[in-house]
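Scroll down for the structure; my scribbles are underneath it.
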Amino acid sequence: MAHETRLNHLQDDIFAPLADALAQLAPALDMAEIAHVLSVGNGVAEVAGFTDLRADELLTFAGGVMGIASNLGTDRAGVIVLGATDTLRPGDPVRRTGRVVDVPVGQALVGRVVDGLGRPLDGDDAIDADGRLPIEQSAPPIMHRGPVRVPLQTGIKAVDAAIPIGRGQRELILGDRQTGKTAIAVDAILNQKDTGVLSIYCAIGQRASAVARVIQSLREGGALERTIVVVASGEDAPGLQFVAPYAATSMAEHFMARGRDVLIVYDDLTRHARAYRELSLLLRRPPGREAYPGDIFYIHSRLLERATQLREEQGGGSLTALPVVETQAQNISAYIPTNLISITDGQIYLSPSLFEKGHLPAIDIGTSVSRVGGKVQLPAFRTVAGNLRLMYAQFEELETFARFGTQLDAETRSKLTRGLRVREVLKQREHDHIDAPEQIVALLAATEGLYDEIEADDVAEAEKTVRTAVRRAASDISDRIAAGEKLRDADRDTLVRVMRDALSRAPTEGSDGDA
């Protein structure tokens, strides 16, 4: 009897917890549409088994790898894989998610480095986002857009004076490799320090070392804390390179819808086009011109059309886009560059010949253009630099003519002398940002001929002298210029007098210092 009692107690100790656990266990239903992988390529996969699948729907492969349904057929579908495909095998299950690709948005992303799906790459904590937005969204309708009137100062004299950019504009930066395209875009981000403009840098297909240098420049310039960096490097899957700019734009639109001004840099869309060409050819879409698919123009236009200036009743936010594109052997009439030139509101062209001569930044003012123009410039800029492009173009023609050794009259020599000094003034070191009033002062001194008697190699030092003199003796005029007031004749005369006096004293002060 005692033996049976002990046995019963032992059974209760063993089976009672199991019985309680089974009683609390409720069966869960998991409804899912599952297909299987037919084949896997480099960045794409072919799946079969779905009876209902939407275009651009997000799919989940084994191991958590995501994909986008792209080519939809009657019995199979081509999928762009957003990750490595070396772990996928034919026969693996594929699940529908019922949603399109989306990314986290909100203030928590500012100061972070993320990939094309918004996942952190900087090793910090997970992102506590305000919400999620689809990467593909319709561009704002025409009636929601306002005129582009507020300048976006880059701190670069050649850009702000001759090729002005406004908030809400799309300005293309193009040129051959290693001519300074990224440097101009990064300088534009760094110069937004006290403007309240939020910046997004989207690296597409770049080397990891190049992206690391940009991040370091932003960190040293104090700009990383107000910048979102979206990275899809050349080592990432082509699908991630394809979605990265759309994801970055959705992050920017979240702030624009709340009345913020945002600057976004796409670096660069040449690699984006190549990634899309690779995916399209692997998905067996018929190639068109130069082996690019027929919708290559559309994928860039639907991206850049999202950049705009919203009307006040829509919040008044803006999204300024600076796409970068690489040319081959200065061929700006190639397929992708011409596509993007026709989509954007102007272009900044960097010439390798100017770069080789040391004229930095190597901006070709004659080929560059802003279709918004002086509408976004400060009034004082229009007064001083209104005819700068025309004067500079005439100077370059005269310079070419003078190389033949022809005897020149006094007026032509004067124009050549003035043009050479203007060229020296437009030179600028990387990350050397100059406020708009000081840019205007430097250009005014050049156009008024104050540098004509100074050797070209000494113009940079003379420019510093006049900027310092105006900062000390005419700061009130600089403040009025920065506030958007017109440059009155009396103010102009005062500035010229202050600068002329400073230049006349500079040699004496220098010789005293040497003594």
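Which of the residues belonging to region 296-321 are open to solvent by 10 Å² or more (accessible area, probe 1.4 Å) and not in a helix (DSSP H, G or I)?
Within region 296-321, 305, 309, 310, 311, 315, 316 qualify.
Being more than 16 Å from the chain's Cα centre (by Cα) and closer than 19 Å to residue 321 by Cβ narrows it down to one residue among 171, 136; which is it?
Only one candidate passes the filter, namely 136.
Mind listing whichever residues of region 243-271 are open to solvent by 10 Å² or more (accessible area, probe 1.4 Å) and either among the basic types (Lys, Arg) or under 15 Å from residue 114 (Cα atoms) (or both)?
Within region 243-271, 258, 260, 271 qualify.
Go through region 37-60 residue by residue and tally those that are in a strand (DSSP E or B), in contact with a strand residue (DSSP E or B) (Cβ under 6 Å, 6 or more places away or on another chain), open to solvent by 30 Å² or more (accessible area, probe 1.4 Å) and of a type outside the set (D, E, K, R).
Qualifying residue count for the region: 3.
Read through the list (1) open to solvent by 10 Å² or more (accessible area, probe 1.4 Å); (2) in contact with a Gly (Cβ under 9 Å, 6 or more places away or on another chain); (3) in a loop (DSSP other than H, G, I, E, B), then give the number of the only condition that residue 195 fails.
Single failed check for residue 195: (2).
If you take the residues in region 367-379 that are open to solvent by less than 20 Å² (accessible area, probe 1.4 Å) and either β-branched (Val, Ile, Thr) or more than 25 Å from residue 146 (Cβ to Cβ) (or both), which one is modelled with the highest pLDDT?
Per the criteria, the residue is 368.
Being polar (S, T, N, Q), in contact with a Ser or Thr (Cβ under 9 Å, 6 or more places away or on another chain) and part of a loop (DSSP other than H, G, I, E, B) is the filter here; which residues of region 340-370 pass it?
Listed by number, the residues that qualify are 351, 367.
Looking at region 84-187, what strands (runs of 3 or more DSSP E) fall wholly within it and have at least 3 residues that are surrounded by fewer than 22 Cβ atoms within 10 Å (Cβ to Cβ)?
93-100, 131-134
Which of (1) out of contact with any Pro (no Cβ under 8 Å at 6 or more places or on another chain); (2) open to solvent by 40 Å² or more (accessible area, probe 1.4 Å); (3) in contact (Cβ under 8 Å) with a residue 24 or more places away in the chain; (4) farther than 21 Å from residue 246 by Cβ is the odd one out, the single condition residue 356 does not satisfy?
With respect to (1) out of contact with any Pro (no Cβ under 8 Å at 6 or more places or on another chain); (2) open to solvent by 40 Å² or more (accessible area, probe 1.4 Å); (3) in contact (Cβ under 8 Å) with a residue 24 or more places away in the chain; (4) farther than 21 Å from residue 246 by Cβ, residue 356 is out only on (3).
Residues of region 383-396 being assigned to a helix (DSSP H, G or I), open to solvent by 40 Å² or more (accessible area, probe 1.4 Å) and of a type outside the set (A, V, I, L, M), which ones?
Scanning region 383-396 gives 383, 389, 394, 396.
Yes/no matrix, rows are residues, columns are (1) closer than 23 Å to residue 155 by Cβ; (2) open to solvent by less than 40 Å² (accessible area, probe 1.4 Å); (3) free of Cβ contacts under 8 Å to residues at least 60 places away in the same chain:
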residue	(1), (2), (3)
362	yes, yes, no
381	yes, yes, no
401	no, no, yes
419	no, yes, yes
423	yes, yes, no
429	yes, no, no
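Can you spot a residue in region 277-284 that is among the polar types (S, T, N, Q) and part of a loop (DSSP other than H, G, I, E, B)?
No; the residues of region 277-284 include none that is among the polar types (S, T, N, Q) and part of a loop (DSSP other than H, G, I, E, B).
The values are calculated or read from the model by the stated rules, or taken from the named source; none is laboratory data. Source: prediction; values computed, not measured. Here the Cβ is made from the backbone with ideal geometry for all residues, glycine too, and neighbour counts use every protein chain on show. When the accessible area is computed, the model is the full protein with side chains, heavy atoms only, and any ligands, DNA or RNA have been set aside. Shrake-Rupley method; radii C 1.70, N 1.55, O 1.52, S 1.80 Å.
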